[in-house]
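Structure, as structure tokens:
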Amino acid sequence: PSTLQQVLLAQLPRFGKTLGERRQKFGQLSGESEAFVPMMHCVSLKILSDRLRSGHTFPHSPDGLTVPVTSLPTDTLVVFLSHTRLSHALPDNEHGVKLRGTVDAMRMYAQEERVDESKVYAWVDHACIDQGSWAKYPDIGMAYVYALPVYVALSDRVIYCPHDRESSAVVDIQYMNRAWCRMELFMAWRAMRAPLAASAQPTVLYRMDLTAGARKGGEQKASTRNLRHAHITREAIPSDGPVPAEHPGRGAVSVASDTPPLIMISRLLGYVAPPPNKAALVAHGHGGQNQDRRGSRRVSLTETSVAMANGESLAELLGHQEQESTQELLKRVMLVSYPRVVIYALGLASVGILNGLIISQLGPFFKESEQAIDYTNSTCSDDVGGIENLRGHPVDVSRWLYIGYGLQAFALASLCNWFPLVTRGSSWDTVARGSIGLVMGMAGSLTIIWMFDFLLTDEQLRYAEMNSGELACYVAVIPLIIGIATFVKGKRKAHHRGYSKPAAVHPDVPNHEEVSVMTASTKKKIGRLLFVGLFYSIISIVVYSCALVPFYRDLRPRDKLLIRLVLHPLVVECGEVMHRYLASTPSPLPPHITTTNLVCFDFMFQLFGRCLVSGQDDKALANWMVVLVAAQELIMRTTYIPKHNALRKLLGEPPMKPVERQQFLSVLAIDSVSSMGSEISAICVAAAFKIIFYQHRVRWDFGYAASTQPNASAEIQAATFALLLEAICDVTVIFVQARQGVPMLDVLSGAGSKEYLVYLAQIQWLASVVVLTAFVVRPTLWSCETPDLCDCNFASNSEVLTEYCCGHEGFGG
């Protein structure tokens, strides 16, 4: 910044009165600066016109078609192209629409100035930045970035194209939100004022609008593939007019470390902020006094997360919440915040219930009898709600293999390949890439499942399910599914450079090497924690499916109470503390991205816990269990900060610094919303599962009696009671956390909220399938040496299996 201040504000006019004279002395200017300023190169209008006629796009730096500005005559005109890419690799689309617009704008400028077109040149990043040197020497690459204000100040005009590769669907990559694009427009405005100009002059810009049709209109919504026409508009800002862009230091960047220099450069160059847009501020939760009193503000989870990743302070973003009185906080929570949590939670619950209904309708899960056995034994009841009709029919494990693990594969492939929805937003490109990845992941997964079905006999499949089938699935099949998804295009492009994958380059220059702003030790630490967190989650799921849930089913009611109130909370708390610690580790990623594993763990094990409550036989103990679970939730969620501090102390780390505390509070805010939503949806889904799967009670055990169907009204009343206790717990937690500095965020509003909700719905889908798989009737892992369900010892402890296996030779043996 000191170099820019010296060169731009003090020294630049010394190198000539006109821009042409200053450009000719660029070498001297660069030599006298404190830091390295790369030579400014330009490409001629003639070359660009020839490439347009031949069907090519912008030249690339290795083509060697540029010339240094020091070789240009003083009467040459130079324009600066300010833009974002139209694809992930190239600045233009296949039709060369942006090149056409650039040529048209340059010709328009030549006609206005009445100069020959041979004297018009352009600075285009794709052609004028040495990509080879950048790849080998990242410091040189960053020098190009920080020289952008110099290049703009030495250009006669600026052409800007507001179209982006996602057709304005993603806030962070919209042209007017990109930090360096804002800097370029600001510099064009600044260059028309003293001391860079003798006196204040109007700022002339050429706006390039891209459209699919010949007529202008709706250009920001059209897909980049369909853009064929460019429309140039000459814009003039009066000498006393406002800055044409918002503050560069508050824009989206690819490298988090760019933000402080951008703020300082803007300040040194005299950035004057335009008058605030009150309506926009209110929409983002920063309204005036009247807005505060109404208590109707909503603070978007996704927008707050991205703003923090771009350097904003949590205190500045949410300062109004800290200043609220108890009465104002109560009003906001009861009228706005919590009702919206309930809405999003019920929406996600519908996804889990729908999944249960689909699986239920795909039954029955039994085959026709393989041999004629007489099950008319006089000791067997002939009226057990349909169970009597299943006697002698073996379990169809093959059917569940395709349905259960096929749906899990679908959910996993969907999560892997639709992650760009969260990081980049939805667009045709995102949808296409996600669809390809999903198809590839599903195809590979179904192939693996088919191989299991083809290679193993029915008896072997049944034996696998009775013994180590779940373990084989999660240890072998699931990693293969993830591996397949990893190698498809959708996963490799999951991170958007706008904030999630730091790059050591200008955000709009393609084909560069990406360099993380994190130290090697930090990356290793995050990698280790990520592996430990993933390993813990997988092991926990396997233990629940193969051991805990089957073991829980055969326990006495009081023992079930202990399991649910002691062992399950211990597993959940250990996992959440671990994932929370990982998510709060300093990272350039926004918090709503770093917490995805934590949110997934929340939804998975909250549903496990509520289904364990459903499996309680004693109704009185079940009601006590609901009350005690709510009290546990209250204690666990109001002690997040002390537990995190204790973990840091255990690991030998110092107390949190202010920046670390801010990161942790943002993670905590997202986790709080996730916990509330996952608990509410789990209560609803667990109640629905108990009602839906009664007809399949031989295959699924949610605490069923053989011939007594769950009373739907009673189950709904029990769920309502649990929801009421959960609401009391949630509101209390919101109050306590608000005083601890944890903000209440809104999942339903803001840019990126729809994509985030879609991702949460996919997590809910996966959680419901995994839990249903765990509650399939089976013995504890490796405790049955037979492929036949009725030959296992545990069958005689179940009223349902006793009726199903009645008359079976060796039953109870």
Checklist entry - In what sequence, largest accessible area first, do 66, 203 appear using a 1.4 Å probe? => result 66, 203
Checklist outcome for this item: Taking 108-119, 356-367 and ranking on average Cβ neighbours within 10 Å, highest first, one gets 356-367, 108-119
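Order 170, 659, most accessible first, counting only protein heavy atoms with a 1.4 angstrom probe.
Listed by decreasing accessible area, they come as 659, 170.
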Checklist entry - Rounded, prolate or oblate: which one fits the range 31-79, using the alpha carbon gyration tensor with axes a ≥ b ≥ c (rounded when a/c is under 1.5, else prolate when a/b beats b/c, else oblate)? => result oblate
Item to check | Rough spin-label spacing in nm, given labels placed 7 Å along Cα→Cβ, for residue 197 and residue 453 | outcome: 7.2
Item to check | Cα→Cβ-extended label distance, 7 Å offset, between residue 617 and residue 382, nm | outcome: 2.9
Item to check | Accessible area (Å², 1.4 Å probe, nearest 10) - residue 305 | outcome: 0
Checklist entry - Put +1 on the Cβ of each Lys and Arg and -1 on the Cβ of each Asp and Glu in the range 679-760; which of 684, 709, 756 then has its Cα farthest toward the positive end of the dipole? => result 709
Item to check | Vicinal HN-Hα couplings computed from phi for the range 409-415 (Karplus, 6.51 cos²θ - 1.76 cosθ + 1.60; Hz; Gly/Pro x) | outcome: 4, 4, 5, 5, 4, 5, 4
Checklist entry - Once the whole set of protein chains is in place, how much accessible area is left on residue 596, using a 1.4 Å probe, in Å² to the nearest 10? => result 20
Checklist entry - When all protein chains stay in place, what accessible area (Å², nearest 10, 1.4 Å probe) is found for residue 126? => result 10
Item to check | Set of the range 331-365 residues, backbone N closer than 13 Å to the point 7 Å along the Cα-Cβ line of residue 399 | outcome: 359-365
Checklist entry - Going through the range 224-257, which trypsin sites (Lys or Arg not before Pro) have at most 11 other Cβ atoms within 10 Å and a DSSP loop state? => result none
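Once R0 is set to 51 Å, what does the formula 1/(1 + (r/R0)^6) return for the Cβ-Cβ distance between residue 446 and residue 143, expressed as a FRET efficiency to the nearest 0.05? Kindly include the intermediate steps, with their values, before the conclusion.
Working: r = 51 Å, r/R0 = 1.01.
Calculated transfer efficiency: 0.50.
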Item to check | Alpha-carbon centroid distance for the pair the range 109-185 / the range 42-65, whole angstrom | outcome: 16
Item to check | Sulfur and carbon atoms: percent of accessible area, the range 730-805 [1.4 Å] | outcome: 56
Checklist entry - Which sequence of 561, 668, 567 reflects their accessible areas, 1.4 Å probe, from the largest down? => result 567, 561, 668
Next on the checklist: How many angstrom lie between the Cα centre of the range 528-595 and the Cα centre of the range 682-749?
Outcome noted: 19
Checklist outcome for this item: Pseudo-spin-label distance residue 528 to residue 643, built 7 Å along Cα→Cβ, given in nm, is 2.3
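The values are calculated or read from the model by the stated rules, or taken from the named source; none is laboratory data. In this text, all values refer to a predicted model and were calculated from it rather than measured experimentally. Using ideal geometry, Cβ is built from the backbone for each residue, glycine included, and neighbour counts are taken over all protein chains shown. Areas reflect the complete protein model, heavy atoms only, side chains present, ligands, DNA and RNA absent. Shrake-Rupley method; radii C 1.70, N 1.55, O 1.52, S 1.80 Å.
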